[in-house]
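The values are calculated or read from the model by the stated rules, or taken from the named source; none is laboratory data. These figures come from a predicted structure and were not determined experimentally. Cβ placement follows ideal geometry from the backbone for every residue including glycine, while neighbour counts extend to all protein chains displayed.
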Amino acid sequence: MTQASHPDKKGEALKQQRFRMLEDIAREMSEGDIVFPTAFDIVTRVRDALRNPEVTVKQIVALIQTEPLICARLIHQANAAALGATPVTDVTSAVKRLGINAVRNAALAIAMSQLVRAKELVGFRQLSYGLWVHSLHTAAAAEIIVRELAPHLKAEEAMFAGLVHDLGAFYMLYRAAQYEELRERPDTVRHLIVQWHESIGESLLYALQLPEGVIEAVRDHDHPREPLMEPPRKLPQVVYAANVLAGGSMEWVDDAAERVLGECYTVLAPRIETRLGELKQDYAG
């Protein structure tokens, strides 16, 4: 193993690195049109499928539902295309509003832009893939929780909120990859993500102009402001429980395993695993 050319940053040096990154993030958000890679293999799969003239509408919808940024951008476009209409909060409704040709073209353009930027994430490839699996697991858990415990909520909206709940962490990985010293220090990157991914994620979802209900649900997915109800009454409680059932933030936070859910949630684990398997199959094609 070669010795890193940049020493670990601590104390004031780490603060300066963090502030520099946050300044860059704020500037990019203010400029709009935010595109960043999530997990290279997943985006490649989406691109290849969308290029296939024989892929069906059902396959396109199923595949888009596994990629957080494309999913978020399409829902924003669907709402922007019909100002004043009831906001859509799931991919199926976005496709109905935009039309499959517009969805296909927009999703392909986003995927291509992601892939152009993906080479910088090579050093974080394993980390980004693990984060994607966790996001998909959380999406599956959120959907099942609503279907089984909270039928007064919308299952597809919960699934979308679960999918994008860690979008801020993906974005921070991409931004960290811009700095050579951070690419060589994954532990420092983890520390930054632990501290900032929730607040960065909230700002990012606002920049992507997602519906307020989804942003509220994602805002405190690691540290909820209200006690968890059994069964859940609100979407933020669903996303928090889904996040814990999907492994919490164990990829970032050491104490995630100490978060205990009631039996009404944990009994759903087998059904959540089945749904996760279905989503992975949708991705595999």
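Please verify whether ALA176 is crowded, with 16+ Cβ neighbours inside 10 Å, in contact with a Gly (Cβ under 7 Å, 6 or more places away or on another chain), in contact (Cβ under 8 Å) with a residue 40 or more places away in the chain and on the phi < 0 side of the Ramachandran plot, treating the condition exactly as stated.
no
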task: Could you list all residues from the stretch 107-152 that are aromatic (Phe, Trp, Tyr) and farther than 22 Å from ILE64 by Cβ?
output: PHE124
field: Failed criterion for VAL95 (all others in (1) within 30 Å of ALA176 (Cβ to Cβ); (2) touching a residue at least 12 places away in the same chain (Cβ under 8 Å) hold)
entry: (1)
- prompt: Quick check, is SER113 touching a residue at least 60 places away in the same chain (Cβ under 8 Å) and either basic (Lys, Arg) or closer than 27 Å to THR274 by Cβ (or both)?
  reply: no
- prompt: Inside the stretch 60-79, can you point out the residues that are closer than 17 Å to ILE215 by Cβ, touching a residue at least 60 places away in the same chain (Cβ under 8 Å) and not β-branched (Val, Ile, Thr)?
  reply: PRO68, LEU69, CYS71, ALA72, ARG73, HIS76, ASN79
task: Within the stretch 23-82, track down each residue that is surrounded by fewer than 20 Cβ atoms within 10 Å (Cβ to Cβ) and part of a loop (DSSP other than H, G, I, E, B).
output: GLY32, ASP33, ILE34, VAL35, ASN52, PRO53, GLU54, VAL55, THR56, ALA81, ALA82
task: Could you please give the count of residues in the stretch 87-138 that are of a type in the set (Val, Ile, Thr), surrounded by fewer than 16 Cβ atoms within 10 Å (Cβ to Cβ) and under 19 Å from THR56 (Cα atoms)?
output: 2
task: Please work out which one of (1) of a type outside the set (A, V, I, L, M, F, W, C); (2) part of a helix (DSSP H, G or I); (3) touching a residue at least 40 places away in the same chain (Cβ under 8 Å) is the condition THR89 fails and give its number.
output: (2)
query: Conditions: (1) under 21 Å from the mean Cα position of the chain (by Cα); (2) modelled with pLDDT of 80 or more; (3) not acidic (Asp, Glu). ILE25 meets all but one. Number of the miss?
result: (2)
query: For the stretch 123-221, which helices (runs of 4 or more DSSP H) that fit wholly inside it have 1 or more residues that are more than 20 Å from THR92 (Cα to Cα), out of contact with any helix residue (DSSP H, G or I) (no Cβ under 8 Å at 6 or more places or on another chain) and not aliphatic (A, V, I, L, M)?
result: 125-149, 180-183, 186-207
message: Looking at (1) more than 19 Å from GLU143 (Cβ to Cβ); (2) surrounded by 19 or more Cβ atoms within 10 Å (Cβ to Cβ), which one does GLN195 not meet, given that it meets all the others?
response: (2)
